[in-house]
Amino acid sequence: MQDAIPASCRTIRKEGNTMKDLKISELVAMQNALQDKMRDKWLPIIPENGHYSLLWMFEEMGEIVAIVKKCGDNAIMKDDTVRAAFIEELSDALMYFIDLMTCYGVSAEELSEAFVKKHEKNMRRDFVTEHKKYLNSDNA
């Protein structure tokens, strides 16, 4: 559905060209367009159904784990077919993550702000000291 893709994201795929980096708000708009299309077939995106989006996201994460486990890191990096399957499952998980955001009314701006704050907090943290007992090989 061409109209579901924001105009700023549409590209003609040619050898060597890649899709531009999408903003969170563009991903949300695309997923909302899919939800609108499937309105009569899928559960509504409301807080009471948020747990389903969460469970379906975990199911997709399981598919990602299966590819990593069965195919291995090398295949994901070097085998085009395996890599395409891996990236497709990442996309599926991201779609359900966006549905989860939408169920609970989390905007792209709210997520962006929280992400930046968490990143800044993590940049100030001393993970080695905080997790010393887990990183110490004597505790194994």
If the reach is capped at under 25 angstrom between alpha carbons, list the lysines near residue 69, excluding any in the same chain fewer than eight residues apart.
78
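Full-extension gain between residue 36 and residue 131, please, as 0.36 nm times their residue separation minus the C-alpha to C-alpha distance.
Numbers: separation 95, 0.36 × 95 = 34.20 nm, distance 4.49 nm.
Length gained, residue 36 through residue 131: 29.7 nm.
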Per the rule of 0.36 nm per residue minus the C-alpha distance, extending residue 69 to residue 113 adds in nm 12.4 nm
How tilted is helix 80-103 with respect to the longest principal axis of the chain? Cα atoms for both, answer in degrees (0 to 90, nearest 10).
80 degrees
Please list log₁₀ I(q)/I(0) at q = 0.30 Å⁻¹ for segment 45-106, using the Debye equation with identical point scatterers on the alpha-carbon positions.
-1.11
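Within 13 Å, Cβ to Cβ, of residue 63, how many net charges do the neighbouring residues add up to if Lys/Arg are +1 and Asp/Glu are -1? Working shown, then result.
Working: positive: 69, 70; negative: 59, 60, 88, 89, 92.
That works out to -3.
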For helix 108-124, what angle does its Cα long axis make with the longest principal axis of the chain, in degrees from 0 to 90 and rounded to 10?
10 degrees
By a straight-distance test (C-alpha under 29 Å), which lysines pair with residue 117 as possible cross-link partners, with residues fewer than eight away in the same chain excluded?
20, 23, 132, 133
If one takes the longest principal axis of the Cα atoms in the chain, at what angle in degrees, from 0 to 90 and to the nearest 10, does the Cα axis of helix 24-37 lie?
50 degrees
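Taking R0 as 25 Å, what FRET efficiency do you get between residue 81 and residue 18 from their Cβ-Cβ distance, rounded to the nearest 0.05?
Numbers: r = 18 Å, r/R0 = 0.73.
The pair residue 81/residue 18 has a calculated efficiency of 0.85.
Can you divide the C-alpha Rg of the chain by 2.2 N^0.38 Å and report the result to two decimal places?
On the way: Rg = 18.8 Å, N = 140, 2.2 N^0.38 = 14.4 Å.
Working it through for the chain, the quotient is 1.31.
All of the numbers you see were taken from the coordinates with simple rules; none came from a lab. Computed from a predicted model, the values in this text were never measured in an experiment. Note: ideal-geometry Cβ built from the backbone for every residue, glycine included; neighbour counts use all protein chains shown.
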